[in-house]
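S.K.: One structure, as structure tokens, below. Some questions next.
The values are calculated or read from the model by the stated rules, or taken from the named source; none is laboratory data. As the structure is a prediction and not an experimental result, all values here were calculated from the model. Ideal geometry is used to build each Cβ from the backbone, glycine not excepted, and the neighbour counts take in all protein chains shown.
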Amino acid sequence: MKMGLMIPDFPGQTHVAMWRVGQAMRELGTEVQFFSTQRAAAQARCHDFLIEEATKTHYVYPPNPIAVLVTVLRSPGGIWRCWQYIAGLKESSLKDKLRCLFLILCAADMAYYCQSQEIEHIFIHSCANAAHIGAMNFLLCGVTYSLRLGGDLEVYGSDHTSKMNKAAFVAAAAEPTRQQVLDEVGLAPDKVYSVWLGVDTKRFVPPSQRELIPGKIRLVTVARLNPAKGHCYAIEAVKQLRDRDIDVHYTLIGSGDSEAEIQQQIEKLELSDCVHLIGAQGESKVIETLQASDVFVLPSINKGEASPVAALEAMSCGLPAVCTIIGGTPNIVSDGINGYLVPQKDAKSLAEGLYNLAQDVELRQKMSRAARDRAVESFDCRLSAQRVLEAIKTHTEVS
């Protein structure tokens, strides 16, 4: 099979997990061509191998005029069907529909490339505008497509029924997001899967030895510096641990608009000696930091999270995960077995779970082994790739 894998704004710092799934598909014998809407901003590119992949990626924006013209001449009926598709968007404003008219050009570019390269199916890592492009590409050239829903539906715009109606299937990031598709879009249950994004458990491995000392704990969070990630609650929890005489060190990996605000909180709470912002990092540095840590913290709040890859990577490195109850985290973390689940916006509960782990080395070791076992059994990217490929084979004529 020759298939396309579309990632919007590639290569961003969060795209490495989907790239891994694409690589695993290649290992399984599938020829994979990466597509994207447009190039990511320079500050978002932190993985060298993704930058290399970007040189071979086909970008549909800006659309190639020759490709668009050829597609228009080749499929005038397809262009009409795209117009009808946009006119039929029931939830989009007039302004949104006008934007979608431009997306016809991007879909025409994609259709030309799919036909010239004999692409048989496109798996789209988004349910936002990239899903519109995939749907209209199907109307133009008949190449089937499937979608991945990475979080709550409302985060990805509107008109999901139109986007998903002709999709071969939808791969939801976790069971709660799968249920959203069933409830709000009304797709048949056999067309909606729950599929982890996946982690390379052969690369994300525990260190040969961790020095565990009662009363001392090293914490890490890998996430964008954004209010939705709830960093302020984790930092407040660190303050509470310090007040209870725990020797705590907390490393935050990631970049974003909230950096100044987070730094201000650190200084206000007099935690500059133990809380460190080290910015967005490449995969090797992330692995090194995870292996040098004791516990992973995910304090996310509100909407957007489904199956946070950072948690899967940390567990693969043998870190207990202390996470808020959000999206699919209850399907990832077994409370008291391989980590703790705590309420959102509750620094006290976060601190309590971390205090237990700081004091009890035996508990830390037990949860570490359980976290690693869970990652290997369920979260490996090769399992995710195989599940997506099987779904493509089941729901299309691609073989």
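S.K.: Please identify the pairs in which a residue from the stretch 316-330 that is in contact (Cβ under 8 Å) with a residue 24 or more places away in the chain has its Cβ atom under 6 Å from the Cβ atom of a residue that is among the charged types (D, E, K, R), counting only partners at least 6 apart or on another chain.
M.R.: Partner pairs satisfying both residue conditions: GLY318/ARG372; ILE326/GLU305; GLY327/GLU305.
Conditions (1) in the same structural domain as HIS231 (by TED's automatic domain parsing); (2) assigned to a helix (DSSP H, G or I); (3) buried (at least 23 other Cβ atoms within 10 Å of the Cβ), marked per residue:
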position	(1), (2), (3)
GLN344	yes, no, no
LEU350	yes, yes, yes
LEU354	yes, yes, yes
GLN365	yes, yes, no
ARG372	yes, yes, no
SER384	no, yes, yes
GLU390	no, yes, no
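S.K.: Would you check which residues across the stretch 77-104 are touching a residue at least 60 places away in the same chain (Cβ under 8 Å) and not in a helix (DSSP H, G or I) and list them?
M.R.: Residues satisfying the conditions are GLY88, LEU89, LYS90, GLU91, SER92.
S.K.: Here are some residues: CYS114, CYS127. Which one is assigned to a helix (DSSP H, G or I) and not polar (S, T, N, Q)?
M.R.: CYS114
S.K.: Which one of THR71, THR14 is β-branched (Val, Ile, Thr), under 28 Å from GLN386 (Cα atoms) and in contact (Cβ under 8 Å) with a residue 60 or more places away in the chain?
M.R.: Among THR71, THR14, only THR14 is β-branched (Val, Ile, Thr), under 28 Å from GLN386 (Cα atoms) and in contact (Cβ under 8 Å) with a residue 60 or more places away in the chain.
S.K.: Select from the stretch 137-148 the residues that are within 24 Å of the chain's Cα centre (by Cα) and touching a residue at least 40 places away in the same chain (Cβ under 8 Å) and write down the one among them that is surrounded by the most Cβ atoms within 10 Å (Cβ to Cβ).
M.R.: Here the answer is ARG148.
S.K.: Ok, one more. Please pick out the residue among ALA44, ALA17 that is at pLDDT below 95, closer than 25 Å to LYS285 by Cβ and in contact with a Cys (Cβ under 9 Å, 6 or more places away or on another chain).
M.R.: Matching residue, one of ALA44, ALA17: ALA17.
S.K.: One residue is enough: does the stretch 88-95 have a residue meeting the conditions surrounded by 12 or more Cβ atoms within 10 Å (Cβ to Cβ), within 28 Å of the chain's Cα centre (by Cα), within 28 Å of TYR193 (Cβ to Cβ) and outside the structural domain of SER307 (by TED's automatic domain parsing)?
M.R.: Checked the stretch 88-95: at least one residue is surrounded by 12 or more Cβ atoms within 10 Å (Cβ to Cβ), within 28 Å of the chain's Cα centre (by Cα), within 28 Å of TYR193 (Cβ to Cβ) and outside the structural domain of SER307 (by TED's automatic domain parsing).
S.K.: Anything in the stretch 174-230 that is under 26 Å from GLU283 (Cβ atoms) and among the charged types (D, E, K, R)? List them, or say none.
M.R.: ASP200, LYS202, ARG203, ARG210, GLU211, ARG218, ARG224, LYS229
S.K.: Further, regarding this structure: Any idea which residue in the stretch 224-252 is surrounded by the most Cβ atoms within 10 Å (Cβ to Cβ), counting only those that are part of a loop (DSSP other than H, G, I, E, B) and on the phi < 0 side of the Ramachandran plot?
M.R.: LEU225
S.K.: Taking the stretch 141-196, which residues are in a loop (DSSP other than H, G, I, E, B) and over 27 Å from CYS106 (Cα atoms)?
M.R.: ALA174, GLY186, ALA188, VAL195, TRP196
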